[in-house]
Structures are given as C-alpha cells and as structure tokens.
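Read-outs throughout are calculated quantities, based only on the coordinates presented, and are distinct from any laboratory measurement. Keep in mind that what you see is a predicted model, and the values were worked out from it rather than measured. Heads up, the Cβs are rebuilt from the backbone with ideal geometry, glycines too, and the neighbour counts pull from every protein chain shown.
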Amino acid sequence: MSPAADLPTKVGVLVVGAGPTGLGAATRLHQHGLKDWLIIDQAEEAGGLACTDITPEGFLFDMGGHVIFSHYQYFDDLIDTAIGKGDAAWNTLERVSYVWMKNRWVAYPFQNNISALPKEDQIKCLNGLTEAKVANTIAQGKPANFDEWIMRVMGPGIADLFMRPYNFKVWAVPPKEMQCEWLGERVATVDVNRAISNVINNKEDAGWGPNAVFRFPLEGGTGAIWKGVSRLLPKDKQRYGKDMTISGIDKDSKTAILANGHKIQYDAMISTMPLDIVCRWLGKPQWADGLTHSSSHIIGIGVRGQCPHGLKCWLYFPEDDCPFYRTTVFSHYAKKNCPADDVKLPTILRGDCQEVTDAQAETGPYWSLMFEISESSYKPVNQGKIKLAGGEWSELVKETIIGALNTKLISAEDQIVSIYHRRLEHGYPTPSVGREAVLVEALPWLREQGIWSRGRFGSYRYEVGNQDHSLMLGVECADNVLFGTKELTLNHPNVVNAKKNMELLYGPTTFLGAHTATNGHLNN
Ligand SMILES: Cc1cc2nc3c(=O)[nH]c(=O)nc-3n(C[C@H](O)[C@H](O)[C@H](O)COP(=O)(O)OP(=O)(O)OC[C@H]3O[C@@H](n4cnc5c(N)ncnc54)[C@H](O)[C@@H]3O)c2cc1C
C-alpha cells in the first residue's frame with residue numbers, strides 16, 4: 001500500500017517534518033496521550049538534517065559534523081531511551097579540535113594558541129587584542145553587526161587572520177550583514193591575559209567551555225538517534241516518502257495540499273518546513289525575502305589504511321587552499337562509520353586525484369573524512385559535472401580532494417575507496433541583521449492562522465537550531481498547542497543556552513483522557 005493510500009483527510013494536529021523538531025512535537029503529543037495527530041515527511045525515513053547516509057561501499061556520513069552538546073534533560077533521557085544508555089550504545093570522545101593555518105595545526109580556540117603562529121602574526125594578534133580591549137572599554141552601545149563584534153572582541157590581527165575569512169567560509173554571508181545577538185556561547189570570547197601568557201610560555205591551550213567530551217552513537221551515525229526516536233512513536237501515525245511532500249497550504253480552510261493532490265485538513269499544523277518557503281506559499285514574499293540562508297555541501301571520502309589523525313575530531317580551515325571550512329575525522333567517531341576491516345574494496349582514486357583502473361578489491365582497515373562547504377549567492381561553488389573515479393561528480397568534489405591534499409589531510413598515494421556528496425539547499429539559517437524584524441511579525445501571524453512554524457528553519461534562529469534545541473522547540477510547541485504554555489526555547493535562547501534545562505521531562509505517557517485542551521484548540 002502506498003503511504004498516501006490510507007491517509008486521513010482530517011487530523012487534529014498535523015506535524016510536518018520528521019526531523020528533531022517534528023519528532024519532538026510528536027513525542028510530546030504522544031506523551032500527553034493525544035490520539036488525533038499525524039506526522040508526515042517527504043523523506044524516506046525520520047531524521048531530517050540529522051540523518052545519516054551510507055555509501056554503496058558501506059561508509060556512513062552525517063549531514064556535516066553533528067556533535068551533541070545538550071542543554072536539556074528531556075533530550076538526554078529521550079535519546080537514551082531511543083538507542084540505549086552508556087558504553088553499549090555510545091562512544092565518548094574527547095573534543096580535540098584544531099585550525100589549519102600557515103601550513104600548521106593551531107589548537108582551538110585560536111585566540112588562546114597564538115604562540116603556534118609565526119612571530120610577526122603573534123605580534124599582530126596580540127597588538128590587536130590589547131587595542132580591542134582598550135577600545136571596547138570606551139565603546140558606546142552594542143556592536144551593530146558581527147564584523148563590529150569581531151573587531152571589538154578580537155581586534156584587527158585575529159579578525160584578518162582567522163575570524164573574518166573563517167566566518168565568511170562558514171556562513172557564505174559577509175559578517176557585516178550578520179547581527180551578533182546569536183553569539184551567546186557559540187564563539188569562545190577572549191581572555192587577553194591568558195592569550196598573552198600562553199604566547200610568553202609557548203603553551204598549547206585547548207580548554208574551552210564546559211563540554212570537554214561528547215558522545216556519539218556506536219552504530220548508525222547521528223541518524224540512528226532519530227530513527228530510534230521515531231520507533232518510540234506509533235507506526236500508524238507516521239508517513240514517509242515522496243508522496244508526503246506538501247506543496248502548498250490553504251490557510252483559510254486549514255488544509256495542507258500534498259504534491260500528489262491529496263489534502264489534509266488540520267486544526268493545528270506544526271510546520272518544520274523552511275519558513276521562507278511557507279511565507280511565499282501564503283502570499284508573504286516580503287518576509288521570505290527578509291530571511292537569508294546558505295546551502296551546505298557535504299562531501300565524504302573513505303580511504304584504505306590507518307588513519308593518520310590520531311584523536312583529532314573536527315578541524316577548521318580559514319584559508320583559501322581548500323574549499324571546505326570544516327572537516328570531521330568521521331571514522332574516529334565510531335568504528336562502524338566505516339566498513340569492517342575484512343571487507344574487500346577496490347581503490348577508485350588516488351589522493352592526488354589520479355584515476356585508478358582495474359584495481360583489485362583488497363581488505364581494509366578504513367578511515368574517513370567528512371568535509372563541509374557552504375554556498376550562497378555571495379559565495380557560489382563550482383557544480384559543473386566531471387568524470388571522476390569511474391563516475392560523474394560535481395567539480396567541487398575534485399576541488400575538495402585536492403584541498404585535502406593541500407592541507408595534508410591526505411597524501412598523494414592514499415587509496416580512496418568511496419566518495420560521497422550531498423547538497424542541502426537549506427543548510428544554515430543566517431542570523432542576518434534583518435532576521436528578527438521578520439520573525440516577530442511572521443511567527444505570530446502564522447500562529448493566528450493555526451500554523452506553529454518551529455525548528456532550525458521553521459523558526460530560523462540559529463542560536464537555538466541544534467538537535468537538542470530543535471527537539472525542545474517541538475516539545476514546547478506541542479505544549480503550547482495543547483495548553484497555551486510559554487515556549488522558552490523559541491523566545492528566550494539566551495536563557496536556555498545558559499543552563500541545563502530540567503523543567504520538562506521525558507517520561508511515560510500521561511494520557512489527557514477525554515480532556516479538551518485548555519486553550520480550546522483541540523479535542524482529544
Ligand atoms: C552542516 C550542519 C551541521 C550541524 N551540526 C550540528 C551539531 O554539531 N550539533 C547539533 O546538535 N546539531 C547540528 N546541526 C543541526 C541539526 O541538524 C538540526 O538541529 C536539526 O536537524 C533540525 O531539525 P528540524 O526538525 O528543525 O529540521 P530538519 O532536520 O531540517 O527537518 C525538517 C524535515 O521536514 C521535511 N520537509 C521539509 N519540507 C517538506 C515538505 N514540503 N513536505 C514534507 N516534508 C518536508 C524534511 O524532509 C525534513 O525531514 C547541523 C546541521 C547542519 C546542516
């Protein structure tokens with residue numbers, strides 16, 4: 001039976017999208033014992049941007065480096081329930097992170113490790129830091145944009161060497177067009193005395209923030225978490241696949257229109273679709289135009305041999321010797337991110353991009369790298385098709401492999417056995433200068449139409465756009481739909497990011513029974 005064949009034509013709460021936000025909403029509705037809901041997604045399975053792909057050769061790749069730094073007890077308990085607790089389900093990794101610059105590795109955070117740079121750069125950075133400290137004490141008001149923030153906090157030395165080029169590579173938007181309210185805990189600020197003393201003592205100082213370790217699923221990548229969460233929900237309330245693509249909304253009759261012509265009426269819709277798209281559907285192009293996003297290319301390579309990168313987890317690349325801004329040593333996260341050592345695979349390409357023909361299949365061991373490249377109208381990437389490794393790939397793939405060689409991530413003789421590439425149209429919601437003006441109008445207006453738009457792109461707030469935040473945007477939204485309760489994560493990013501949030505807990509189903517939800521939106 002096709003997923004659309006037994007679709008209802010009317011439902012109490014329609015959740016659109018089974019990424020972390022949609023799954024959070026569905027989990028909460030189920031936890032409250034609500035019966036009249038449905039979650040749909042155009043993808044073949046749950047996970048959204050937090051899914052994991054597998055290459056034909058058996059290498060796993062997440063959609064970019066996904067690291068869990070949880071701010072919520074609810075999130076911790078749910079994901080433990082979904083895939084299990086402790087060492088039987090999780091790898092615990094020490095956060096080891098470097099910046100590749102001037103042909104060497106500089107430990108992260110950059111500003112505490114200036115001693116690794118050539119002397120003239122050390123001087124520029126330290127002079128800039130002290131200048132910034134003095135200027136900042138007399139500066140009036142908040143910085144007007146991210147570029148001003150960088151100059152005020154880091155000074156011109158670090159700004160020009162690292163912060164400006166790196167941030168343009170990540171965001172694909174000039175820092176002057178971005179606001180700085182989103183920063184919170186995201187960017188390590190500067191302790192000038194510590195920076196100076198590290199230079200004088202020639203000390204490597206990689207300590208930053210509270211999360212020195214993080215955990216990663218032993219099997220199945222990040223996607224395993226969300227498949228596990230979806231398994232906790234009733235199967236008959238979930239529909240996946242192309243047939244579930246929504247192509248429009250009739251707000252007056254509260255109807256979602258599917259691309260295959262099917263219609264679903266709802267009392268409330270929790271939408272995790274990109275807000276810019278929904279605004280265009282509903283005749284509000286001015287709001288869509290006021291939101292900015294960048295696209296992400298995720299490129300992976302599987303390589304035969306022993307991984308040469310030790311305990312390194314993720315690495316930053318501000319310079320123009322490679323197209324990527326970040327690389328994750330993905331094989332280090334879990335042994336099962338690569339095929340087993342005894343799996344035989346032929347080499348398809350050398351590290352220097354020389355073609356290999358007629359290679360015999362040989363055994364491993366294997367290791368893998370996952371690269372992230374941003375794209376926008378400010379920063380187009382080369383997507384022309386070329387023949388490579390016996391297949392057809394985007395030119396960006398070749399540029400990435402050459403970049404990996406330039407930055408000493410791989411060597412010329414390395415044997416590449418698998419290549420992966422996926423482009424995500426919506427990769428990063430840009431904290432643009434004009435974003436809040438749109439959100440404060442668009443989200444309440446949609447809410448008046450019975451649409452709760454939430455999630456990384458549903459509510460467009462990058463500062464609460466990680467997996468833990470997204471899950472809770474969904475959970476808190478479900479409570480708001482049912483009971484009208486306040487949504488802390490959506491409305492107070494700085495509050496939720498400053499603490500471990502224990503107020504809402506995941507637990508057994510509580511059953512609303514035959515209740516009418518208190519804000520009168522729904523009957524059970
Ligand atoms: C490059 C990158 C790196 C990241 N790194 C981290 C990290 O280190 N740590 C971390 O915690 N998080 C990270 N994230 C964020 C994480 O992926 C998101 O928090 C999370 O996936 C957002 O969940 P969501 O449900 O809001 O949106 P999505 O995951 O985008 O889910 C939306 C769902 O809606 C579906 N959908 C969209 N339109 C339609 C339609 N028209 N019809 C039907 N279905 C539709 C989509 O198929 C999708 O499944 C990263 C993300 C990216 C892209």
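About the Cα centre of region 111-200, what is the dipole size in debye to 20, counting +1 per Lys and Arg Cβ and -1 per Asp and Glu Cβ, all else neutral?
80
Around Arg304, under 14 Å between beta carbons, what's the net of Lys plus Arg minus Asp minus Glu among the other residues?
Numbers: positive: Lys344, Arg350; negative: Glu57, Asp341, Asp342, Glu362, Glu413, Asp414.
Within the 14 Å Cβ shell, the charges total -4.
Can you tell me the FRET efficiency between Ala139 and Thr485 if r is taken as the Cβ-Cβ distance and R0 is 35 Å, rounded to the nearest 0.05? Could the numbers behind the result be given before it?
Details: r = 39 Å, r/R0 = 1.12.
Taking R0 as 35 Å, the efficiency between Ala139 and Thr485 is 0.35.
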Report task. For region 111-200, report the translational diffusion coefficient in µm²/s to the nearest whole number, using Stokes-Einstein at 4 °C, 1.567 mPa s, and a Kirkwood Rh over Cα pairs. Result -> 97
Report task. For a footprinting-style exposure proxy, rank Arg456, Arg231 by other Cβ within 10 Å, fewest first. Result -> Arg231, Arg456
Report summary line: From fewest to most C-beta neighbours within 10 Å, the residues Ser331, Ser197 line up as Ser197, Ser331
Report summary line: Residue ranges of DSSP H helices in the chain that stretch 15 Å or more (Cα, own long axis) and have mean Kyte-Doolittle hydropathy of at least 0.5 are 395-406
Query - Extension gain (nm, one decimal) between Ala359 and Leu232, 0.36 nm per residue minus Cα-Cα - result: 41.2 nm
Report task. Considering only DSSP beta bridges where both residues belong to the chain, give the percentage that are antiparallel (nearest 5). Result -> 75
Report task. Place a +1 charge on the Cβ of each Lys and Arg in the chain and a -1 charge on the Cβ of each Asp and Glu, then give the dipole magnitude about the Cα centre in debye, rounded to the nearest 20. Result -> 560
**Report entry** Rg over Rh, two decimals, the chain (C-alpha only, Kirkwood Rh)
**Finding:** 0.98
Report task. Note down the magnitude of the dipole of region 21-109 about its Cα centre, charges +1 on Lys and Arg C-beta and -1 on Asp and Glu C-beta and zero elsewhere, to the nearest 20 debye. Result -> 460
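When the Kirkwood hydrodynamic radius is evaluated over all pairs of different C-alpha atoms of region 284-441, what value in angstrom, to one decimal, is obtained? It would help to have the intermediate numbers written out before the result.
On the way: mean 1/r = 0.0584 Å⁻¹.
Radius from the Kirkwood sum: 17.1 Å.
State the extension gain, in nm to one decimal, for the chain segment bounded by Leu311 and His492, taking 0.36 nm per residue of separation less the distance between their alpha-carbons.
On the way: separation 181, 0.36 × 181 = 65.16 nm, distance 3.58 nm.
Difference between extended and current length: 61.6 nm.
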**Report entry** Selection from Ile54, Trp287, Gly241 lying farthest towards where the dipole of the chain points positive, charges on Cβ
**Finding:** Trp287
Query - For Val343, distant residues with modelled amide H under 5 Å away - result: Gly364
Query - Label point distance in nm, Asp341-Ile257, each placed 7 Å from Cα along Cα→Cβ - result: 5.9
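Quick check on packing: order 172-181, 157-166, 265-274 by the mean number of other C-beta atoms within 10 Å, highest mean leading.
Values: 172-181: 19.2, 157-166: 22.0, 265-274: 23.9.
Ranked by mean Cβ neighbours within 10 Å, highest first: 265-274, 157-166, 172-181.
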Query raised in the report: Going highest first, how would you order 199-207, 462-470, 256-264 by mean Cβ packing within 10 Å?
Result: 462-470, 256-264, 199-207
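Quick check on region 384-520: what does the Kirkwood estimate of hydrodynamic radius come out to from the alpha carbon pairs, in Å?
Numbers: mean 1/r = 0.0524 Å⁻¹.
In region 384-520 this quantity evaluates to 19.1 Å.
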Requested in this report: In nm, give the distance between the simple-model label positions of Asp80 and Asp53, each being 7 Å from the Cα along the Cα-to-Cβ direction.
Outcome: 3.4
